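Below is one structure. I have some questions about it.
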Amino acid sequence: MTAFSLEPVQLAWCAELRTLAAERLHPLADKGEPGHVNRALVAELGSLGLLGRLFTSGALDLCLMRESLAYACTEAETALALQGLGAHPVHAYGTEAQRARWLPRVTAGTAVAAFALSEPGAGSDAAALELTAEAEGEAEADASRAGRSTDTSGAGPSPEAPALTAAPDGPARWRLTGEKCWISNAPEADFYTVFARTTPGAGARGVTAFLVPADRPGLTGRGLDMLSPHPIGALGFDAVPVTADDVLGEADRGFRVAMGTLNLFRPSVGAFAVGMAQAALDATLTHTAGRDAFGGKLRDLQAVSHQVAEMALRTEAARLMVYAAASAYDRDDPDVPRRSAMAKLLATETAQYVVDTAVQLHGARALQRGHLLEHLYREVRAPRIYEGASEVQRGIIAKELYARQEAR
């Protein structure tokens, strides 16, 4: 790893993390069942103090953790990242009671968190989500105040009568109805950060974030058989009860919770990708230096050495952009959305190229089950889609650029 204004202590910490990942986390990852939460691995991350650092460190430290773990054990990296993604909204936007109940268990690795934003019809277009949070007692309260008859159509609150008002007999209550899909750690998480529509027709401004424990009545789930080995599932909500005590942040302001979380984690998705790219590059250097071919070593072929040079060039460029974006987040710079999008886009696209090229230079052996590159090849594809597909990142970048131009 080369430095981006990194202190010796940071470089030493990264080396220590790679060693821990190889010696203590990888054996636990090997014992896990693909497609299911590896609770022993999560607990070990907690005992090592790594989960606690999710909430006490800045974005750059998060990137260093994810890159270092990904280099030696992608399963450990993903388990750590999913704990952070699911629990960060609780840490950043939760009440004292919410934080006290869940964060100690998350950091100890005894409670598994999940971030439930995507839906079957609302993936890249997160503002189009349709999971409905229908307020209990809202229609009756409106009718009483307006002196009109109660609407019993079941259509829920309208933009003119948003579901923000407490019912006459106590705090606001809602029923969640709909489906979430492509949710990491579902259906085995202990709680979910769930984004639901509380005001129909209001787009991103009518979404509320809820903290929903997995044992709420009406909440069901099923696993999905995916290319990546980590757990991903779908959730069904059949009038799942939530109250104002479950709201994260403010009602109808949940999109800010989602985007605030993604702005932090997008650069670190890039760090995950950089870790995989570096692992693929190092494996390729070893292979091409030792492989006999055409009367010499594989590295002696100019076509091969130039490809290796390109792999290194792109990996280093991606790393520098990831670190720059994370540092901008830590400084609270105004252009964090653009930098985060650029970092995720470049790093994930780079990792796809580097891993694919590494497979090509290794030949058929890289396609065997159990080979490092076979594993990385399956892992590297998903980051170009989740937490905002590459096309979404390009849209964010362009939007930010034009907004800055218009502000001049």
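The values are calculated or read from the model by the stated rules, or taken from the named source; none is laboratory data. These numbers come from a predicted model, not from an experiment. We place every Cβ from the backbone using ideal geometry, glycine too, and count neighbours over all the protein chains shown.
Working only within the range 1-32, note down all residues that are in a loop (DSSP other than H, G, I, E, B) and within 21 Å of the chain's Cα centre (by Cα).
Selection gives 32 alone.
Considering each of 316, 387, 374, 391 in turn, give the residue that is surrounded by 14 or more Cβ atoms within 10 Å (Cβ to Cβ), out of contact with any His (no Cβ under 9 Å at 6 or more places or on another chain), of a type outside the set (A, V, I, L, M, F, W, C) and more than 21 Å from residue 63 (Cα to Cα).
374
Yes/no matrix, rows are residues, columns are (1) assigned to a helix (DSSP H, G or I); (2) at negative phi; (3) charged (D, E, K, R):
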| residue | (1), (2), (3) |
| --- | --- |
| 57 | no, yes, no |
| 60 | yes, yes, no |
| 66 | yes, yes, yes |
| 75 | yes, yes, yes |
| 80 | yes, yes, no |
| 83 | yes, yes, no |
| 87 | yes, yes, no |
| 92 | yes, yes, no |
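Check residue 325 against each of (1) in contact (Cβ under 8 Å) with a residue 12 or more places away in the chain; (2) more than 22 Å from the chain's Cα centre (by Cα) and name the one condition it does not meet.
Here residue 325 meets the rest and fails (2).
With respect to the numbered conditions (1) crowded, with 19+ Cβ neighbours inside 10 Å; (2) more than 25 Å from residue 73 (Cβ to Cβ); (3) out of contact with any Lys or Arg (no Cβ under 9 Å at 6 or more places or on another chain), which one is the sole condition not fulfilled by residue 306?
For residue 306, the exception is condition (1).
Go over the candidates 74, 95, 150, 78 one by one and state the one that is farther than 30 Å from residue 382 by Cβ, modelled with pLDDT of 95 or more and either among the β-branched types (Val, Ile, Thr) or crowded, with 24+ Cβ neighbours inside 10 Å (or both).
Result of the check over 74, 95, 150, 78: 95.
Would the range 227-238 turn up any residue that is more than 18 Å from the chain's Cα centre (by Cα), charged (D, E, K, R), under 17 Å from residue 119 (Cα atoms) and at pLDDT below 95?
The answer is no; no qualifying residue exists.
Filter the range 191-235 for residues that are hydroxyl-bearing (Ser, Thr, Tyr) and not in a strand (DSSP E or B) and give the result.
Across the range 191-235, the qualifying residues are 198, 199, 228.
Restricting to the range 361-384, count the residues that are in contact (Cβ under 8 Å) with a residue 24 or more places away in the chain and either of a type outside the set (D, E, K, R) or within 12 Å of residue 228 (Cα to Cα) (or both).
12
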